[in-house]
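Engineer: Before anything else, here's the structure in question.
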Amino acid sequence: MSHDAIRTKEQAHELIGHLPPARLAAVVGLLEAMLDPVSVALAAAPIDDEPEKEEERQTASESQEWFRRHAGIPFEEVLADFGVTVNDLNDYKKPK
């Protein structure tokens, strides 16, 4: 690791040490997102500049109209359809 990289890491540790506890959770979330392979891949993915097709526009329009007339489906209800609870998801995400 280069001297600059070592100094930058030390500076990051110093700054984290000065954060109030309430801000630490936000920093941890940011670091996790930066290290998560899926988040990294999404951030590096090229912008979708493919022209939208008429069928896609129609589908999006129908979806927006549905949500104007309906309240949507709660996340817990969608999970229940698969026999999963929010606690199951939280337990799954915990490191083993």
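The values are calculated or read from the model by the stated rules, or taken from the named source; none is laboratory data. No experiment lies behind these values; they were computed from the predicted model shown. When we count neighbours, we look across all protein chains shown, and the Cβ atoms used for this are built from the backbone with ideal geometry, even at glycine.
Engineer: Those residues that are of a type outside the set (A, V, I, L, M, F, W, C) and exposed (fewer than 10 other Cβ atoms within 10 Å of the Cβ), I need them from region 21-51; list them, please.
Structural biologist: Pro21, Pro37, Pro46, Asp48, Asp49, Glu50, Pro51, listed by residue number.
Engineer: Let me confirm something: among Leu19, Leu30, which residue is in contact with a helix residue (DSSP H, G or I) (Cβ under 9 Å, 6 or more places away or on another chain) and on the phi < 0 side of the Ramachandran plot?
Structural biologist: Leu19
Engineer: Only one of these is more than 30 Å from Tyr92 (Cβ to Cβ), hydrophobic (A, V, I, L, M, F, W, C) and assigned by TED's automatic domain parsing to the domain that holds Tyr92: Ala80, Ala60. Name it.
Structural biologist: Residue meeting the stated conditions: Ala60.
Engineer: Does at least one position in region 33-46 carry a residue that is at pLDDT below 95, β-branched (Val, Ile, Thr) and closer than 30 Å to Pro95 by Cα?
Structural biologist: yes
Engineer: Anything in region 1-19 that is surrounded by fewer than 10 Cβ atoms within 10 Å (Cβ to Cβ), closer than 18 Å to Leu31 by Cβ and of a type in the set (D, E, K, R)? List them, or say none.
Structural biologist: Selection gives Glu14 alone.
Engineer: Among the listed residues Val86, Val78, which satisfies the condition of being surrounded by 10 or more Cβ atoms within 10 Å (Cβ to Cβ), over 30 Å from Lys9 (Cα atoms) and touching a helix residue (DSSP H, G or I) at 6+ places or on another chain (Cβ under 8 Å)?
Structural biologist: So the residue among Val86, Val78 that is surrounded by 10 or more Cβ atoms within 10 Å (Cβ to Cβ), over 30 Å from Lys9 (Cα atoms) and touching a helix residue (DSSP H, G or I) at 6+ places or on another chain (Cβ under 8 Å) is Val86.
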